[in-house]
Amino acid sequence: MIQATPPKTSPLRPSSRRGLEYPAEQVAAARHDRPVVIVHGTLVDKESITAYRDYALKTGHPVDLRTYKSVQDGGRIEDSARQVAGHVNQARQELAQTHLDELKGASPLELQGFFQVDSSPRGQIVTAELPWLLEQVSAAVASTDNLSYQLQQVEQRLAQRLGGQEWADKAAAQMVDCLAPKATLVGHSAGGFVAYAVAVNPRSPGSSPDLSYDGGLGVGQVVVLSSPIGKGMSFPAPPGLAEMPFYNLDSKVLRPLESTPPMQLASLNPFFAFNYALSKSATKMAYTVGTQLATAMAVPLIYAMKPGYEEVSGFSNFFKECIQGKPVPEGVTVVAVTSPDDKMALTDRSQVDDSQPNAHNFEADLQLSAAELKRERPTWGHVQMSTKPVQFLQQFDQKLLDDPRQAQRFLDPANDDGSRYHVLQVIERRCQADEDFLTSQPLLQQSLQQVADEGQPFLDSPSALAQRILDSTAKN
């Protein structure tokens with residue numbers, strides 16, 4: 001999820017504001033100033049998901065939120081993904097240039113402070129390479145093409161300069177991320193489908209230029225809200241859409257009629273009430289079946305006008321080539337958020353393959369009453385998935401504590417380090433409140449030790465935080 005993390009020693013604030021929206025000056029910067037790129041769903045605009053923008057800004061993240069006309073109108077997913085990937089690169093370029101400008105003429109001590117380098121022998125090796133890194137990232141940022149690929153190449157060369165040992169890969173990734181932070185993608189519905197497509201189809205040697213995205217190399221975490229990335233959208237229509245015609249009849253005709261005195265009086269007769277309820281149920285079924293049949297017959301026309309609708313279905317070529325069976329790249333964390341109250345993106349169709357250590361499913365509680373669900377339109381649960389970031393994060397954090405096995409999965413090194421750091425913060429807060437928590441969870445404690453053993457020479461690395469938690473537990 002979107003993480004709130006402690007600021008750097010001297011939080012850097014962009015001196016120019018070109019494309020990103022920035023937190024208020026009094027808000028502590030998120031770890032590495034990681035940008036959040038947010039993608040709304042179809043038939044709506046950016047206003048439908050502003051709750052995630054507001055939350056990201058409050059927790060110190062720069063934000064890219066805009067209306068994607070192609071997503072809104074059901075355009076091709078690959079076109080929308082190309083736009084999103086471009087905005088990932090723009091965000092990284094903007095933040096990298098800001099950091100580079102602020103670091104011009106910085107002393108070695110100031111560089112150490114910015115990169116949060118410790119004084120260990122590994123830290124000394126890292127410090128010696130910082131001037132070279134600034135030079136290389138500056139050259140990459142000055143170019144207009146394939147920014148994330150260029151930064152990946154810088155990262156790989158840096159790992160070799162650090163000695164090419166086991167710790168060097170993660171150290172190089174942290175150093176580049178600190179200057180040109182990778183993005184967190186948050187997407188709802190079709191927007192989640194687009195965000196996921198960007199992340200699992202990064203540019204690589206031999207990849208199709210039309211179906212792979214340079215910006216995919218610049219993604220650290222993806223939060224997919226109610227999107228059928230597992231099996232594709234229900235055919236011909238999900239229950240939420242199929243039930244809409246009867247909902248309109250019920251809300252505009254039947255319910256007002258039921259509230260009239262003559263109808264209420266008639267309903268006192270148990271035989272009338274029984275027959276009315278029976279015929280109302282039958283009418284709902286007929287409307288639903290009729291809608292499904294009508295939609296199935298209209299599918300060719302719908303898909304011709306809105307090709308994105310076809311591409312999110314499980315039988316489309318795009319789904320088979322770019323979504324189905326695609327592994328989540330190492331170093332990227334995907335969290336697929338679903339809800340049983342969502343009648344549009346059904347849970348069993350919207351879960352990621354969590355046999356991968358960096359792919360996770362989270363079932364959220366929308367906290368909607370049965371009365372509210374009955375009163376509101378059938379798509380209400382789906383809409384609400386884009387409005388509750390605070391509640392979802394609280395539930396997510398609690399799940400990590402209630403089931404430490406989930407926390408252990410996030411601590412796997414295949415995950416994004418920003419995600420791992422957030423999970424460790426959750427564990428740290430719990431240990432501060434309950435001194436015996438970690439000692440009562442030996443497997444979790446073992447996972448923390450494995451993270452600590454990575455020995456990264458940065459004060460804000462997962463390994464440093466894991467070691468601090470272990471040291472604090474040992475003292476108690």
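The values are calculated or read from the model by the stated rules, or taken from the named source; none is laboratory data. No experiment lies behind these values; they were computed from the predicted model shown. Every residue, glycine as well, gets a Cβ built from its backbone with ideal geometry; the counts of neighbours run over all protein chains shown. Quick note on the areas: whole protein, heavy atoms, side chains included, nothing else; ligands and nucleic acids left out. Shrake-Rupley method; radii C 1.70, N 1.55, O 1.52, S 1.80 Å.
Suppose the chain between ASP73 and ARG405 were pulled fully straight at 0.36 nm per residue; how much longer would it get relative to their current alpha carbon spacing?
Values: separation 332, 0.36 × 332 = 119.52 nm, distance 4.08 nm.
Gain in length upon complete extension: 115.4 nm.
What ranking of THR387, THR291 comes out by heavy-atom accessible area, probe 1.4 Å, highest first? Before the final figure, lay out each step's value.
Details: THR387 55, THR291 25 Å².
Sorted by accessible area, descending: THR387, THR291.
If the chain between GLU363 and GLU321 were fully stretched, how many nm would it gain, using 0.36 nm times the residue separation less the Cα-Cα distance?
Values: separation 42, 0.36 × 42 = 15.12 nm, distance 2.69 nm.
Full extension of this stretch gives 12.4 nm more.
Run the reach check for LYS320 against lysines, Cα to Cα strictly under 16 Å, same-chain hits fewer than 8 apart removed. What comes back?
LYS231
With the other protein chains left in place, how much accessible area per residue, in square angstrom, belongs to the chain at a 1.4 angstrom probe?
On the way: 20770 Å² over 476 residues.
With the other protein chains kept in place, the chain gives 44 Å² per residue.
Once you list every other residue whose beta carbon is under 13 Å from the beta carbon of TYR303, what net charge do they have if Lys and Arg are +1 and Asp and Glu are -1? Could you put the intermediate results ahead of the total?
Working: positive: ARG76, LYS306; negative: GLU310, GLU311.
Here the count lands on 0.
Please say if segment 373-432 is rounded, prolate or oblate, where rounded means a/c under 1.5 for a ≥ b ≥ c the square roots of the C-alpha gyration tensor eigenvalues, and otherwise the choice is prolate for a/b larger than b/c and oblate otherwise? If you can, show how the numbers build up before the last one.
Details: a/c = 2.94, a/b = 2.29, b/c = 1.28.
Cα axes put segment 373-432 in the prolate bin.
Is segment 188-275 best put as rounded, prolate or oblate by its Cα gyration tensor, with a ≥ b ≥ c the root eigenvalues, rounded for a/c under 1.5, and otherwise prolate when a/b is larger than b/c, oblate when not? Let's see the in-between values first.
Numbers: a/c = 5.31, a/b = 4.36, b/c = 1.22.
Prolate.
Using a 1.4 Å probe on the protein chains only, how many percent of the accessible area of the chain belongs to carbon and sulfur?
Details: 11120 of 20770 Å².
Carbon and sulfur atoms account for 54 percent of the accessible area of the chain.
Please give the contour-minus-distance gain from LEU109 to ALA51: 0.36 nm per residue of separation, less the Cα-Cα distance, rounded to one decimal in nm. Provide the component values of the computation, followed by the final result.
Details: separation 58, 0.36 × 58 = 20.88 nm, distance 3.91 nm.
That works out to 17.0 nm of additional length.
Which of the lysines could a cross-linker span from LYS182 if the Cα-Cα distance has to be under 25 Å and same-chain partners fewer than 8 positions apart are dropped?
LYS8, LYS46, LYS58, LYS69, LYS104, LYS170, LYS326, LYS388
With the crude spin-label approximation of a point 7 Å out along Cα→Cβ, what separation in nm comes out for VAL289 versus GLN26?
Placing both labels 7 Å along Cα→Cβ, they lie 6.2 nm apart.
Which lysines does LYS280 reach when only Cα atoms under 22 Å apart count, and residues fewer than 8 places away in its own chain are ignored?
Hits, sequence-local ones excluded: LYS252, LYS343, LYS374.
Where does each of ILE427, ILE302 land when they are ordered by accessible area, with a 1.4 Å probe and the largest first? Walk me through the numbers on the way to the answer.
On the way: ILE427 5, ILE302 55 Å².
Result, largest first: ILE302, ILE427.
Keeping all protein chains in position, work out how much accessible area GLU155 exposes to a 1.4 Å probe, and write it in Å² to the nearest 10.
40
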